[in-house]
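> One structure is given below, represented as structure tokens, and several questions about it will come after.
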Amino acid sequence: MLNKRFFLQILSGIFLLLIAHVSHAQFRVEVSGVGLTQVPIAIAPLRGEEGVPQKISAIVQADLERSGQFKVLATGKVMDETERPDVGDLRQKGADGVLTGSISRMSDGRYDVRIRLWDVVRNQDLGAMSYLVVAADLRLASHQISDLVYLKLTGDKGVFSTRIAYVTKSSSGRYNLWVADSDGENAQSALASPEPIISPSWAPNGTQLAYVSFESRKPVVYVHDVASGKRRLLANFKGSNSAPSWSPDGRTVAVTLSRDGGSQLFLLDSQGGEPRRLTQSVAIDTETVFSPDGTAIYFVSDRGGSPQIYRMPAMGGPANRVTFTGNYNISPALSPDGRWMAYISRIGNAYKLHVMDIASGNASAITDTTADERPSFAPNSRLIVFATRQEGREALMTTTLDGRIKARLAGQGGDIREPNWGPFSKAQP
Amino acid sequence: MKKLLSILFFAAIISGCSSNVKLNDVPVEDRSGANPSTAASSVSSLDARGIGSLNGIKPGPAGVANVIYFDYDSYSIKPEFQSVLEAHARFIKADGTRRANIEGHTDERGGSEYNLALGQKRAEAVRRALNALGVTDGQMEAVSYGKEKPAMTGSDEASFSKNRRSEITYR
């Protein structure tokens with residue numbers, strides 16, 4: 001009897017461990033602002049949605065809300081893709097569009113997900129889609145539905161089925177590099193290590209990550225193939241190797257090396273080889289990013305006495321200062337459309353995410369948090385993911401470029417940091 | 001029973017990681033003889049941190065401090081640490097096979113990469129000081145951890161001042 005009770009205790013302990021492990025990578029979406037120009041859309045619960053492992057209508061709703069482009073009205077009333085919606089009623093509720101659909105389980109265990117999008121204003125069918133997926137791909141199907149809605153109603157490509165890399169540090173001091181969906185969910189571990197991992201950077205083809213690992217008791221740059229888990233050393237020179245960043249064609253990786261003394265910029269063939277030195281200064285030069293056309297680089301240097309962001313030709317040449325306000329401007333990120341630069345600027349004792357309109361040089365702080373780090377743009381240039389500190393924990397947030405819509409992608413069970421938003425998937429239409 | 005627990009624990013870890021992204025666990029030499037990838041080892045061997053930190057580290061000069069502290073926003077060595085550096089220089093020069101690893105660190109404020117570069121400045125300040133004392137570059141390497149490995153975790157000046165440092169270790 002005693003034995004049995006003990007065994008049950010152990011079993012429940014294991015259950016808790018499982019929960020802890022799974023919830024470790026879960027994220028909560030908290031939209032904390034209101035935008036002005038949002039498309040109002042009604043989302044009906046899918047017919048047959050109860051009992052399905054993922055609630056598709058809720059995932060789509062969270063996606064669209066987080067984008068800042070939509071105001072979602074939950075209808076509460078099930079409508080499937082075969083029904084003609086009551087547009088009069090929906091217009092009265094203020095909806096411009098409505099998403100309907102159904103989900104059913106096939107005999108082979110897969111799910112048949114069908115959706116239809118209606119233009120409520122014009123009373124027009126905007127198209128239907130069906131997805132035949134295994135349970136593990138229900139979230140992916142949901143994000144693809146969100147992308148479809150986004151494209152049809154805004155004319156822009158959605159980023160919901162793209163992926164984000166980030167690093168967690170557990171309370172026991174273990175580090176994990178994760179690859180997750182754009183909502184932070186469905187995280188899969190790419191690397192676990194007892195030593196820090198920083199600066200993950202997606203290759204433009206979306207299949208490889210470069211990052212800095214301290215597993216050999218010094219910072220070393222690796223390139224990691226996400227699908228196979230195979231990785232190789234890219235930069236392991238004497239001193240520190242850090243800040244990897246890919247050229248848009250994927251052929252070159254910029255790194256910061258201290259092998260000649262000081263922290264200086266170098267270019268490496270992405271297959272490896274001898275680095276080519278790009279800067280010759282007695283100051284710190286680091287955190288390179290390429291312009292979207294690949295002709296210029298932006299980087300951080302304290303050559304003027306304080307860390308500022310500079311721009312120079314990618315082949316080398318004179319550097320021009322880009323930031324002029326404040327005495328601590330670091331971590332530049334460029335929007336893929338080339339219009340915006342996100343960076344971190346210190347104001348007083350606060351480190352705040354800023355967005356600069358590159359053409360005019362006008363910049364503004366867009367957060368209420370005070371320990372922002374490492375911004376990275378979504379591939380459609382409409383959202384930024386960044387690391388910050390909230391309620392004493394390291395957390396990730398997404399924000400629209402105007403700062404109006406923010407969502408916390410914060411999980412429990414560890415500090416989350418070092419985000420990097422991946423490119424559009426090549427498999428997407 | 002402990003054995004059963006650990007087996008089930010590993011099963012839980014493995015099941016939590018099923019995915020099409022392959023898990024790549026950094027292999028860490030395990031000196032206890034237990035292999036973390038087999039279910040027969042104890043739960044504590046999962047945390048290889050202690051093992052990793054001890055891996056390949058050799059003792060330095062006996063009775064000599066191995067940490068040099070820096071002032072805020074400063075990368076120059078204070079005179080009070082001169083005797084510490086002299087002791088390390090003598091120790092390194094006495095045996096040509098000794099290799100000193102100089103790790104620069106910063107406090108937690110600011111970005112990871114910029115702090116890595118600042119920590120590098122602290123490591124290189126120590127490297128240059130040892131250089132001036134006759135230690136050749138071939139016997140030492142200056143690297144940086146930036147803000148990633150604070151000595152103290154608090155967010156106050158008392159902690160910050162303990163984190164702005166260079167550590168000398170031997171391998």
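Only the coordinates and a few stated rules stand behind these numbers; no lab work does. Everything numeric in this text was worked out from a predicted model, so none of it was measured. All Cβ positions, glycine included, derive from the backbone under ideal geometry; neighbour counts span all protein chains shown.
> Computed over the Cα atoms, what is the radius of gyration of region A:39-154 divided by 2.2 N^0.38 Å, N being its residue count?
Relative to the 2.2 N^0.38 Å estimate, region A:39-154 comes out at 0.99.
> Right, something else. Counting other C-beta atoms within 10 Å, which of A:232, A:408 has the fewest, and how do the rest follow?
Fewest-to-most Cβ neighbours within 10 Å comes out as A:232, A:408.
> Check the straight Cα-Cα distances from residue A:93 and name the aspartates and glutamates below 17 Å, setting aside those fewer than 8 residues away within the same chain.
A:119
> With unit charges on the beta carbon (Lys/Arg positive, Asp/Glu negative), name the residue among A:292, A:390, A:334 whose Cα is farthest towards the positive pole of the charge dipole of chain A.
A:390
> May I pose another question? Tell me the Kirkwood hydrodynamic radius of region B:45-171 in angstroms, computed as one over the mean inverse distance between distinct C-alpha pairs. All intermediate terms of the calculation are to be shown ahead of the outcome.
Details: mean 1/r = 0.0669 Å⁻¹.
Evaluated on region B:45-171, it is 14.9 Å.
> Any chance you could get the radius of gyration and Dmax over the Cα atoms of region B:112-168, in Å?
Rg, Dmax (Cα atoms, Å): 12.6, 38.
> Which value in nm describes the separation of the simple spin-label points at residue A:321 and residue B:139, placed 7 Å from the Cα toward the beta carbon?
4.3
> Could you compute Rg(Cα) / (2.2 N^0.38 Å) for chain A, with N its residue count?
My calculation over the Cα atoms of chain A gives 1.06.
> If you don't mind, another one. For residue B:74, enumerate residues with amide H under 5 Å from its amide H, sequence gap 5+ or separate chain, H modeled in the peptide plane.
none
> Further question on the same structure: Go ahead and set up a Gaussian network model of chain A, Cα springs under 10 Å, then flag whichever of A:244, A:53, A:336 fluctuates most.
Taking springs between Cα atoms under 10 Å, the residue moving most is A:53.
> Let me ask another. Among DSSP beta bridges whose residues both lie in region A:39-154, state the antiparallel percentage, nearest 5.
Close to 65 percent.
> Longest exposed-loop-site-free stretch of chain A, with GluC sites (Glu not before Pro), DSSP loop and at most 16 other Cβ within 10 Å?
Values: sites that count: A:30, A:50, A:83, A:391.
Longest site-free region, per DSSP loop and neighbour criteria: A:84-390.
> Listing A:199, A:258 from the residue with the fewest other Cβ atoms within 10 Å to the one with the most, what is the order?
A:199, A:258
> Report the charge-dipole magnitude of region B:67-170 in Debye, nearest 20, computed about the Cα centre from +1 at each Lys and Arg Cβ and -1 at each Asp and Glu Cβ.
Charge dipole of region B:67-170: 300 debye, to the nearest 20.
> State the Cα centre-to-centre distance between region A:219-253 and region A:38-66 in whole Å.
38
> Work from the charge dipole of chain A (Cβ charges, +1 for Lys and Arg, -1 for Asp and Glu, about the Cα centre) and give the residue of A:43, A:198, A:162 farthest towards its positive end.
Towards the positive end, the residue furthest out is A:198.
> If you don't mind, another one. Hey, got the average number of other protein chain Cβ atoms within 10 angstrom for residues in B:91-100?
Partner Cβ neighbours, averaged per residue: 0.
> Please tell me the relative contact order of region A:329-429 in percent, rounded to the nearest whole number, where contacts are Cα pairs under 8 Å and at least six residues apart.
Here the relative contact order equals 20 percent.
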